[in-house]
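Structure first, commentary second.
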Amino acid sequence: MSGNRTFTMIKPDATTAGNTGKILDKIIESGFTIRAMKWTQLSKEDASRFYEVHKERPFYGELVEYMTSGPIVAAILEKENAVEAFRNLIGATDPSKAEEGTIRKMFAKSIAANAVHGSDSDENAAIEGAFFFSSREQA
Ligand code: CMP
């Protein structure tokens, strides 16, 4: 059965370009409820840990560097079938391949600076949410 929660980050390219409000509007208009949210900045250690699954990838260093380059917004979102519904809303990782109307098509600048993160499974949504929020904060 699919879960009803996912985790997102609005990335530094989008926060520094002043697109946080527009992206949150789009998320809410699309039927997601925000269950927890914080504006924060990742340290190198945080970003390295968060993206540890990509450690062996050639872009890992660039990704960690980029994700620590400015503020991010971390949030837990709720909707039926949330992981898949949110990935449909944000579009492909590479914004040049993202469909019209998706968040990445509208706001992303490149594969690394792709405006938003969305969890790829219910299991990762829970792990990533717990990285930023205590159980009380995400109740
Ligand atoms: P995200 O959904 O946050 O999960 C992993 C991230 O790695 C992805 O979004 C991209 O920002 C980044 N990424 C994936 N592929 C590449 C690549 N080829 N070059 C740089 N960054 C990448």
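The values are calculated or read from the model by the stated rules, or taken from the named source; none is laboratory data. All values reported here derive from a predicted model rather than from experimental measurement. Note that each Cβ is placed from the backbone with ideal geometry, even for glycine, and that neighbours are counted across all protein chains shown. Calculation scope for accessible area: heavy atoms of the full protein, side chains included, ligands and nucleic acids excluded. Shrake-Rupley method; radii C 1.70, N 1.55, O 1.52, S 1.80 Å.
Let me have the 222 nm mean residue ellipticity of the chain computed from DSSP H runs of 4+ only, each contributing -39500 (n - 2.57), with the sum over all residues rounded to the nearest 500.
That calculation yields -10500 deg cm²/dmol at 222 nm.
For Val64, what accessible area in Å² do you get when you roll a 1.4 Å probe over the heavy atoms of the protein chains, rounding to the nearest 10?
Solvent-accessible area, nearest 10 Å²: 10 Å².
Check the straight Cα-Cα distances from Lys105 and name the lysines below 16 Å, setting aside those fewer than 8 residues away within the same chain.
Counting by Cα, and skipping residues close in sequence, Lys105 has these lysines nearby: Lys11, Lys22, Lys26, Lys97.
How much area per residue is accessible in the chain when the probe is 1.4 Å and only protein heavy atoms are counted (Å²)?
With all protein chains present, the chain gives 53 Å² per residue.
Under 13 Å from the Cα of Lys109, which aspartates and glutamates turn up, not counting those fewer than eight places away in the same chain?
Asp13, Asp94
Using a Förster radius of 22 Å, what is the FRET efficiency between Lys109 and Ile34 based on their Cβ-Cβ separation? Nearest 0.05, please.
0.35
Span-like helices, the chain: DSSP H, alpha-carbon axial extent 30 Å or more, mean Kyte-Doolittle 0.5 or greater, which ones?
Both cut-offs are met by no helix.
Tally up the carbon and sulfur contribution to the accessible surface of the chain as a whole percent, 1.4 Å probe, everything protein left in place.
Solvent-exposed carbon and sulfur of the chain make up 50 percent of the total.
With loop defined by DSSP as not H, G, I, E or B, and exposure as at most 15 other Cβ atoms within 10 Å, which is the longest segment of the chain clear of exposed trypsin sites (Lys or Arg not before Pro)?
Counting only loop sites that pass the neighbour cut-off, the longest clear stretch is 1-54.
Under a plain spin-label model, where a point goes 7 Å from the Cα along Cα-to-Cβ, how far apart in nm are Gln41 and Gln138?
In this crude label model, Gln41 to Gln138 measures out at 2.5 nm.
Could you list which residues have their amide H under 5 Å from that of Ala36, counting only those 5 or more apart in sequence or on another chain, with H placed in the peptide plane?
For Ala36, the qualifying residues are Ile76.
Please give the net charge around Val53, taking every other residue with its beta carbon less than 13 angstrom from that of Val53, where Lys and Arg add +1 and Asp and Glu add -1.
-2
What is the sum of charges around Asp94, taking Lys and Arg as +1, Asp and Glu as -1, for the other residues whose C-beta is under 11 Å from the C-beta of Asp94?
Around Asp94, the surrounding residues sum to +3.
May I ask for the net charge around Phe132, where only other residues with Cβ less than 10 Å from the Cβ of Phe132 are counted and Lys, Arg are +1 while Asp, Glu are -1?
Taking every other residue near Phe132 into account, the sum is -2.
What percent does the relative contact order of the chain come to when contacts are Cα pairs within less than 8 Å and at least six residues apart?
Averaging sequence separation for qualifying contacts and normalising by length gives 39 percent for the chain.
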